Amino acid sequence: MKGMHLTVKQLLCLLLLTAGSLAGAKQPNVLFILTDDQGYGDLSLHGNPVLETPNIDRLGAQSVRLDQFHSAAVCAPTRASLLTGRNHYETGVWGVHLGQDYLNLDEVTLADVLRDAGYDTGMIGKWHSGRAGAWLPWNRGFDDAWMSELYWHENTLISHNGKLMKTQGYAADCLTDLAIDFVEQDRGEQPFFLFMAYMSSHAPWVAPEEYIQKYKAKGCSDRFAILNGMIDHLDFQIGRLLESLDRSGLAEDTLVVFMTDNGPNKSCPNAGELSKEEMTQRSAGMRGQKGNIWENGTRVPCFIRWPGKFKPSVVGALADVTDLFPTMLDALHVDMPKNGKPVHGQSLMPFIEGKQADWNEPRELFKPHWYPFKDDGWSRNGALDPADVTYNDQINSLYQGSYKVVKYRNKSLELYDLSADPGEKKDIASEHPEVALSMGKKMQKSYEDMVATGHCYRQPRFHIGNPEYDAYDTVGEMLAGSHIPFCSSVRDEGNVVSMNYFSKGWKAPGDAQTILVDVVSPGRYDVVLEAKKFMKGTRVRLEVGSSVLEAALPAGQGKVPVGSINLEKGGQDLRFSLLSVPGGADDVIELMKLAILKKSK
């Protein structure tokens, strides 16, 4: 056989043709599956002795498994870091409700980047990155979003790009149906990115009866049978979704990522608290649970599958949820955003491609607690002055290679060697004081650098009169306009207490809340108050900057018009207060939100 000899001109043409072919090649699709409150030990793949998860197990066997992967300890912080690749505090997320779960509007999301790269971007399920106009998923980079009502596991309400939808049946079934429809759309050569955020297995624990009976037959208590049935049912839905990729011929061209948002929860209001033995079955030998910084609170499964590209393997290198943003962009050959904000995560591609087994130098990973503490017994309502939040009052941890140092508020440093003690049973700080002290100093500096950015402990400023965000019906509502939630105040006065979704304790003159707003379009607005309870004869006062509206409320609940008000343009404080209450009344109102609607001329 004669050898082939190419002239320089022929070689250049060949290179140009190859480059053109690569440039024109279709980008892979991306399916990102996120489950809720499902721990590392909530998989039969990870040794759970009771639970059956064959579909997720199969996905794991086909994937690169990141076996030392960490989320935040609760849902909204994990989602903030996942969407941005950044420390959740620096994105404006420092809690799960009370206005502390709003992703700053100047953050660039993974959906923003992929949409700009030509992807059809979709989001289905739980959205926990802001519950008012500008923060909703269709305004955060998703071309199409089906946002479900939080934790309605049956007959859930869904908002599709702002239009209300009602469903029947189990939410996991309905959300999977929507996902299959999205995946199987004919897009020609356009790739898709689907962020599939299931609500299972977040409380309340709910499962189809046949799944519950399956685990009762295994000897589980009622509460544990419901929970295991819920996760088993979730596994079935994930199997259906992955099957749709096979059926559509898309599996080979789809990058699939699976992870859970935090460790397992120990209790549920509708089912009760799990026993020590039941939690042990879910913990894979680790300490803790959802909401704390012990391993079972933050170490979660993460599987990455790309058939023909990524060889199935188990990666033991320390990894974090912030790493997925740069890793996915690296895998897809999409440029990182240039918005001036540092991405804190690192690409894991060297490990995924099998080029590297561990970090060249022991990786340092700072993991703060998911909300801050104050020494004076702060109730977690309203904004905080960072000067009032001292390092010694906080809970923080830092990883360095296999070592983990923990500072639990004013207690002494604790040190664990996770390679020898993954259950964090033996504090070795006294045996290695120099390691504990060195890591403790790095942890304190990481915390202080984080706070110094000026992005921590801030409340959102809600838009009023922004036409880009006002024309929608949010989940469970049929009223367009600017929505101002009463659970997102910067200051509660008198007896008022902010709850997760409303405020209560309104019982005396002077009770008040202050919320930050930005009037985008000046003019006259109608004001509608939504409450869980009204007491007839209650008089209220609304102040926005220098504008004032006073009104008397009827009896009942729901939405009630309270009048109209002229608003000036710009950032202002909105203050709502009680002027007078019926004699002897207790909790005369419980407030959900204000709807502020621009009057038509």
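Any read-out appearing in this document is the output of simple, stated calculations on the displayed coordinates, not a laboratory observation. Just so it is clear, the model here is predicted, and its values are computed rather than measured. All Cβ positions, even for glycine, are placed from backbone atoms using ideal geometry, and neighbour counts span all protein chains on display.
Computed values, structure above
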{"read-out": "Relative contact order, percent, region 62-212 [alpha-carbon distance under 8 Å, six or more residues apart]", "value": "19 percent"}
{"read-out": "Relative contact order %, region 50-100, counting alpha carbon pairs below 8 Å whose residues are six or more apart", "value": "23 percent"}
{"read-out": "Low-density loop cleavage sites - chymotrypsin sites (Phe, Trp or Tyr not before Pro) in region 477-581, where at most 14 other Cβ are within 10 Å (DSSP)", "value": "none"}
{"read-out": "Long pairs among 163/532; 166/533; 266/411; 126/532; 504/569, criterion Cα-Cα beyond 27 Å", "value": "504/569"}
{"read-out": "Peptides ranked, highest mean first, by Cβ atoms within 10 Å: ranges 366-372, 516-522", "value": "366-372, 516-522"}
{"read-out": "Computed helical MRE - 222 nm, the chain, DSSP H runs ≥ 4 contributing -39500 (n - 2.57), nearest 500", "value": "-7000 deg cm²/dmol"}
{"read-out": "Binned Cα-Cα distances of region 144-194, short to long, each 10 Å bin given as a whole percent", "value": "24, 50, 22, 4"}
{"read-out": "Along principal axes, Cα extents of region 277-336, largest first, whole Å", "value": "45, 25, 17"}
{"read-out": "Relative contact order [Cα under 8 Å, 6+ residues apart], the chain, whole percent", "value": "16 percent"}
{"read-out": "Cβ crowding within 10 Å averaged over residues, with 405-417, 454-466, 546-558 ranked highest first", "value": "454-466, 405-417, 546-558"}
{"read-out": "Rounded Å value of the spacing that divides the Cα centres of region 493-565 and region 287-356", "value": "45 Å"}
{"read-out": "Cβ-based net charge around residue 526, under 9 Å, with every Lys or Arg adding one and every Asp or Glu removing one", "value": "+3"}
{"read-out": "Antiparallel DSSP beta bridges within region 26-359, as percent of all bridges there, nearest 5", "value": "40 percent"}
{"read-out": "Bins of 5 Å, starting at 0 and running to the largest distance - Cα pair percent for region 221-326", "value": "2, 10, 15, 19, 18, 15, 11, 7, 2, 0"}
{"read-out": "HN-Hα J in Hz across region 279-295 - Karplus 6.51, -1.76, 1.60, θ = phi - 60°, x for Gly and Pro", "value": "5, 4, 5, 9, 9, 6, x, 9, 8, x, 6, 3, x, 10, 9, 6, 4"}
{"read-out": "Dimensionless Rg ratio for region 365-452, taking C-alpha atoms and the 2.2 N^0.38 Å reference", "value": "1.14"}
{"read-out": "For residue 165, distant residues with modelled amide H under 5 Å away", "value": "158, 159, 160"}
{"read-out": "Two-decimal log10 I(q)/I(0) for the chain, as the Debye equation yields it once each C-alpha is a single scatterer, q = 0.06, 0.07, 0.11, 0.13 Å⁻¹", "value": "-0.34, -0.46, -1.11, -1.45"}
{"read-out": "Table column - 3J(HN,Hα) (Hz), region 254-262, Karplus curve with 6.51, -1.76, 1.60, x for Gly and Pro", "value": "10, 7, 10, 10, 10, 7, 10, 8, 5"}
{"read-out": "Integer Hz, Karplus 6.51/-1.76/1.60 couplings in order for region 35-51, x for Gly and Pro", "value": "10, 10, 6, 9, x, 4, x, 8, 9, 5, 4, 9, x, 4, x, 10, 6"}
{"read-out": "Amide H partners (placed H, <5 Å) of residue 123, local residues excluded", "value": "144, 145, 146, 195"}
{"read-out": "Viscosity 0.692 mPa s, temperature 37 °C, Stokes-Einstein D of region 462-598 from Kirkwood C-alpha radius, µm²/s", "value": "222 µm²/s"}
{"read-out": "Binned Cα-Cα distance frequencies in region 26-359 - 10 Å width, integer %", "value": "6, 28, 38, 24, 5, 0"}
{"read-out": "Rounded to 5, the percent of DSSP beta bridges in the chain classed as antiparallel", "value": "75 percent"}
{"read-out": "Distant-in-sequence amide H partners of residue 38 (H built 1.01 Å from N, under 5 Å)", "value": "201, 261, 262"}
